[in-house]
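These notes concern the structure reproduced below.
The values are calculated or read from the model by the stated rules, or taken from the named source; none is laboratory data. All values reported here derive from a predicted model rather than from experimental measurement. All Cβ positions, even for glycine, are placed from backbone atoms using ideal geometry, and neighbour counts span all protein chains on display.
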Amino acid sequence: MTDVWQLVAQERWALIDDLTGLDDDQWETPSLCPGWTVHDVAAHLVDNARTTRLSIVRDMARARFDFDRQNARGVARAKGATPQETLDRLRVVADRRTTPPAPLDSRLVEEVVHGEDARRPLGLARAYPSEPVERALSHQLRTSVGLGGGRQRAAGVRLRATDTDLVHGDGPEVAGPALSLLMVVSGRGQALTDLDGPGVAQLAAAVG
């Protein structure tokens, strides 16, 4: 497998390229993350890239172990006065290799899923290499929703990626691109329209 940090940097730089040239209105477009704009997502990725094993413990304690509060404070801390300032900060951290105490493939989840959170509402599309998407999806399928994964959402259906060899689970089939499967098991119901099969309704109910 490719070193995870090479793939993370690759995705960060690809998103930077896609965000370069956006106008002010586009930066304020609502992302797929409820309550966050495209600008907020970019700031979150800056904050996430700066996070270390020590800093996450400190920040969670200050947020009284409320994950949403910790994320909101991170966005406020990393967000520049202008979108361009935030984008410059993202460029500075694009090659960083720091992480909270989590499996390294969770860094791919952050970059791919949040990249789509920003791109899809803007009508932007990326032709992802298969490896970061497959590794992110595999991570989500073995990780509890409570830890940011999607294992429970995928329970009881058979997921089949139509563009890779990935097959997971038992039950009525849900078929579609690996990227769309990743987005759905990560809680982004907007990608359900990319999927087909008798298990789609069950998966949609699990995503809620």
Given (1) part of a loop (DSSP other than H, G, I, E, B); (2) of a type in the set (A, V, I, L, M, F, W, C); (3) modelled with pLDDT of 80 or more, identify the lone condition not met by Phe65. (3)
Verdict on Leu108 being of a type outside the set (Val, Ile, Thr), surrounded by fewer than 22 Cβ atoms within 10 Å (Cβ to Cβ) and within 29 Å of Thr29 (Cβ to Cβ): no
Close pairs (6 angstrom Cβ cut-off, 6 or more residues apart or separate chains): more than 18 Å from Asp88 (Cα to Cα) in the stretch 21-41, assigned to a loop (DSSP other than H, G, I, E, B) anywhere: Leu32/Arg188
Within the stretch 36-60, restricting attention to residues that are outside any helix (DSSP H, G or I) and in contact with a helix residue (DSSP H, G or I) (Cβ under 9 Å, 6 or more places away or on another chain), which residue is modelled with the lowest pLDDT? Thr51
Exactly one condition in (1) more than 15 Å from the chain's Cα centre (by Cα); (2) in a loop (DSSP other than H, G, I, E, B) is false for Tyr128; which is it? (1)
So which residues in the stretch 186-205 are more than 19 Å from the chain's Cα centre (by Cα) and assigned to a loop (DSSP other than H, G, I, E, B)? Gly197, Pro198, Gly199
Assess whether Leu108 counts as being under 13 Å from the mean Cα position of the chain (by Cα) and in the same structural domain as Asp25 (by TED's automatic domain parsing). yes
